[in-house]
Amino acid sequence: MAKSINKVILIGRLGKDAETKFTPTGISLSKFSLATNRSTKDRQSGEWKDITDWHNIVAWKTESVANYLLKGKQIYLEGRIETRSYEDKEGQKKYITEIVCEGMNIMLLGGGGEGGGSRTEVPDPVPDYDRPVSMPRSARPQPAAAPPAEEFNQGITDDDVPF
């Protein structure tokens, strides 16, 4: 049987501050909207137009990043697409599509801030092309072994440290 894959990678800006709640067992759940942009050329006028796509995000175990998930912040996330249905007050069946991820699969990137702002209003300290992105844990380089202690021994003792 062939293996299937449901994986989403997004880089975008939060449309509003995340709403974070906790389950009775203490697991955090953050919900927010994420905007991604793309450009397309209008066939009739030949002009380029920017289009913004909005994604509903459900993030589990966000204790480490929940306080930083603020409107306008740029993030990188990995998750999966989930579609679920429910009945509204009138008994109509409604469908909602969400991106579901875990907090460890969210990386805060630079830029953005209160009110959203554009790159000209809130410049990033490091350009996007210099910023590393996350990679699968299996592809991450393993830390190098520490060099022998005698290479670093410069005759400094705890008494030489001023604090």
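Any read-out appearing in this document is the output of simple, stated calculations on the displayed coordinates, not a laboratory observation. This structure is a prediction, so every number in the text was calculated from the model and none was measured. All Cβ positions, glycine included, derive from the backbone under ideal geometry; neighbour counts span all protein chains shown.
Residues with beta-carbon under 12 Å from that of Gly103, excluding Gly103: net charge, scoring Lys, Arg +1 and Asp, Glu -1? Spell out each step's value before the answer.
On the way: positive: Lys61; negative: Glu63, Glu78, Glu102.
Its environment carries a net charge of -2.
Work through the residues other than Ile5 whose Cβ is under 13 Å from its Cβ and net out their charges, Lys, Arg +1 and Asp, Glu -1. That sum, taken over residues with Cβ under 13 Å, equals +2.
Averaging Cα coordinates gives a centre for region 72-103 and one for region 1-39; these two points are 8 Å apart. Shown for Arg13, Arg38, Arg80, Arg43: other C-beta atoms within 10 Å of each C-beta, ranked fewest to most, produce the order Arg43, Arg38, Arg80, Arg13.
Kindly state, to the nearest 0.05, the FRET efficiency for Lys93 paired with Thr25, given R0 = 30 Å and r defined as their beta-carbon distance.
Details: r = 30 Å, r/R0 = 1.01.
Between Lys93 and Thr25 the formula returns 0.50.
Seen from Gly15, the other residues with C-beta closer than 13 Å to its C-beta sum to a net charge of +2, counting Lys and Arg as +1 and Asp and Glu as -1.
Let me know the shape class of region 1-117, please: from the alpha-carbon gyration tensor, a ≥ b ≥ c as square roots of the eigenvalues, rounded when a/c is under 1.5, otherwise prolate if a/b is greater than b/c, or oblate.
Since a/c reaches 1.5 but b/c is at least a/b, the shape of region 1-117 is classed as oblate.
In terms of its alpha-carbon gyration tensor, region 1-69 comes out oblate; a/c meets the 1.5 threshold, while b/c is at least as large as a/b.
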